[in-house]
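The values are calculated or read from the model by the stated rules, or taken from the named source; none is laboratory data. This structure is a prediction, so every number in the text was calculated from the model and none was measured. Cβ coordinates were reconstructed from backbone atoms using ideal geometry, including for glycine residues, and neighbour counts include every protein chain displayed.
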Amino acid sequence: MNLESRVPHPSTPIRWGAALALAAGLLLSACGGGNDAADGAATADDAREFPQAVGSSSPSNGNWVRVALLGQGVKITGTPLMRFGAGVDWSYKLMTAGTVPCTAATFAGFATAASAQCDVWVPTSTDAWVRVAFEGEAFTFANSNRVRFGRDSRWVLKTMTGPVACSTATFGDPAPGQSKRCIIYSTAGSAALDVSTSVVDTSAPPPTTSTALDMRRLADQATFGVSETSFAQMRTQTPAAWTKAQMALSASRYTSGKGDEIDRNVQPFFFCDVAPYNSTPNCWRDWFSSEPLMWDFYRNAVNQPDQLRQRVAFAVGQIVVVSAVEADGTYGLREYHNMLLDNAFTNWRQVLKKATLSPMMGDYLNHVNNNKLAPNENFARELLQLFSLGTCELNGDGTLKGGRCTPTYDNQVVREYAFALTGWTYPAGGSASWGCWPQYANCAYHKGDMVAVPQLQDNKARTLLSGVSVPATRTPSQALDLVLDSLMAHPNMAPFVSRQLIQQLVTSNPSAAYVQRVAQAFTAGRYTDAASSTSFGAGVRGDLAATVAAVLLDADARNPRPGTDAGKVRPPVLAMTGIIKALNGRTDGAALGWWWGETFRQHTFRAPSVFNYYPPSYPLPGTALLAPEFGIHNANAALARLNFLTYLLDWGGTAPDTSIPGAVGTKVDVSAFLADAADAAKLVDRMATIALGEPLPAAARTQAIAGVQAFSSSTDPSNWQRNRVYTAAYLIFGSPLYQVQR
């Protein structure tokens, strides 16, 4: 169906046309194209990485030259202007001759972890007005400086010191409706590029503020999205401090849905046909399906503070999969996914143990009440292939050992594991009119861990991987511990799990060095952030707190300007929650399952198979890159993402379903943005900052502003302000810059 034919709102053709123009302007940027100028030469006037002089007769009368990295020192001569920082956040200072430590303490500003650097302005003329910020950005002065705010011939001049917001609130508005910038006057200076690594600041305290771009990227990697309020709070901490605080928060819970009567009182096949359960039209939904979990999932994702725990549990749940497509029972699914929340920061061994003993996993992969003489191999195979080791032998950095796939195990090994894992039945609590089967087993029941039954256990010695053997005389619990020992000791374990967590949280194509660093943290069970000396983990192999911290705080993850192969397509679930949160919305999740979840082919808790919604090795067609999310992404899905924005903005979302406890529907509230609707540039920059952490690139920004300005009091007198906000949101959140998480 054509997108426009689904949208009754008269503004849609304008938005759709602007979206096409904006997308064309953004495709290169989203794919890593555009300007990658080396340190030194300034480019066009709106280039972000290398500001240049403006307001003079020459559009390019100097260059920013990097002269030191964080912790180094540089010898300078003259009195040049220097800056310290990264991305779009900088502190500026006019220096005197001598050795300058490249530290936050020197510049009275904030560092950007390992990516901070020092640049010196080298003008090609005697004088220079040098741009230090775009409107909406902030910067810091260590001493008093003259700052001009405006554009073209319209400027306001003030003498400033300390933190400065480059905004109309600070300076007034010399050019209404136009994008403005802040510039500083500098005289000629020079710098000898004599860098020494011996100058290190050991007295400066850790930074207390992080850059908008870096923290917005961390939000993409570690949360389900941010609002302006939650993002402002997030920015008051460093990435390490925020990560540490998140790990200390109590876990969200899944509480909705009915209880265990389906296994205790009557036969589940006839449950909804007998009184009193046949009196409700939603019996299957409330007692058997994953819908109640989905309500809690989206409510928690949008409203609860333990964002990192939820993201990690969501990631682990896509590796150690139990799907409601083949395993039903609401209370049992609730037990399993609460287990993932509880163990998000414990240990991978604990996750594997709890998953192995889960009666839901026992049903899903057929190892509960397994036949000790001829066990079903399903769980054993997936335990090896998907949950722990993978099918090919790996180096410590996740690359193939010897450059080719050497099998990690063969089918005989799978059989040995299947035999070793016999001897488990359901926990006590279930009942059945025909009794429990097989002999010695408990009836189906899904609350708690499976229990050992020695009579159901294989009694022969078994040979496992990593030189581990299971003796003939053992209990089921002892055999399980030996199975876990063999997996945790295997050299594949650390890189295999680490790579998948990186792919789930940060990037689809992590470098081998990145994988190796995270794998080292997994193996050591401890990770220390170099920028803040913050330590994570208990020092036990497989520690998830250490591993997750290593994933998120690694230099590759925190690089504000990652390479062209970095990032990933934003999965549909995260795209939906991110938009709802950024636009101050609410949801009970009802519309995000059977409607939008099915449309996007990522219906929460209903992965089509144990291989998840998409495999981690799915290739990006026509390239050598991996793009797992492209396993469910195509042209229809791309249009559906725009339709989702239309659903929220033009259709007004979904009203509450009164059959759902505590229903709120799914809606957004853009009223907070209406105050800026009169200034199209300001509105676009504000919307881009909450979506991306920085303003749009110049060409895309121009297109977006033009689209927003199509609505005015003369053409749309009753609703032009709201339509401007809707258009800005549609263009920015529908753009590749948002849909591709960098």
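Summary table
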| read-out | value |
| --- | --- |
| Positions within segment 561-576 being within 18 Å of V551 (Cα to Cα) and assigned to a loop (DSSP other than H, G, I, E, B), in sequence order | R561, P562, G563, D565, A566, G567, R570 |
| Where a residue in segment 357-368 is within 15 Å of H337 (Cα to Cα) and hydroxyl-bearing (S, T, Y) and its partner, wherever it lies, is in a helix (DSSP H, G or I) and modelled with pLDDT of 95 or more, with Cβ under 7 Å and at least six apart | S358/Y336; S358/M339 |
| Every residue from segment 402-437 that is surrounded by 12 or more Cβ atoms within 10 Å (Cβ to Cβ) and more than 20 Å from T356 (Cβ to Cβ) | C405, T406, S431, A432, C436 |
| All helices (runs of 4 or more DSSP H) inside segment 243-357 with 1 or more residues being more than 20 Å from T587 (Cα to Cα) and among the β-branched types (V, I, T) | 261-264, 307-317, 330-342, 348-357 |
| Residue match in segment 639-648 (condition: in contact with a Gly (Cβ under 7 Å, 6 or more places away or on another chain) and of a type in the set (S, T, N, Q)) | no |
| Condition check for R334: more than 22 Å from the chain's Cα centre (by Cα), modelled with pLDDT of 95 or more and basic (K, R) | yes |
| Residues within segment 700-742 that are under 29 Å from the mean Cα position of the chain (by Cα), farther than 17 Å from R216 by Cβ and modelled with pLDDT under 95, tallied | 0 |
| Hey, G585 of a type outside the set (V, I, T) and within 23 Å of G734 (Cβ to Cβ) or not | yes |
| A637 vs. criteria surrounded by 15 or more Cβ atoms within 10 Å (Cβ to Cβ), within 13 Å of A729 (Cα to Cα) and of a type in the set (A, V, I, L, M) | no |
| Unique residue being more than 18 Å from W348 (Cβ to Cβ) and either in the same structural domain as L70 (by TED's automatic domain parsing) or touching a Lys or Arg at 6+ places or on another chain (Cβ under 8 Å) (or both) when the list is T534, T528, T523 | T534 |
| Any pair with Cβ under 6 angstrom, 6 or more apart, that starts in segment 503-518 at a residue that is within 18 Å of N395 (Cα to Cα) and ends at one that is among the charged types (D, E, K, R) and outside any loop (DSSP other than H, G, I, E, B) | Y514/D556; V515/R499 |
| Matching option when the condition is over 21 Å from V226 (Cα atoms) and surrounded by 22 or more Cβ atoms within 10 Å (Cβ to Cβ), among D588, D529, D556, D565 | D529 |
| Any chance G665 is within 17 Å of T577 (Cβ to Cβ), under 28 Å from the mean Cα position of the chain (by Cα), at pLDDT 95 or above and among the small types (G, A, S) | yes |
| Helices (runs of 4 or more DSSP H) lying entirely in segment 676-742 (those with 2 or more residues that are aliphatic (A, V, I, L, M)) | 680-692, 698-709, 720-733 |
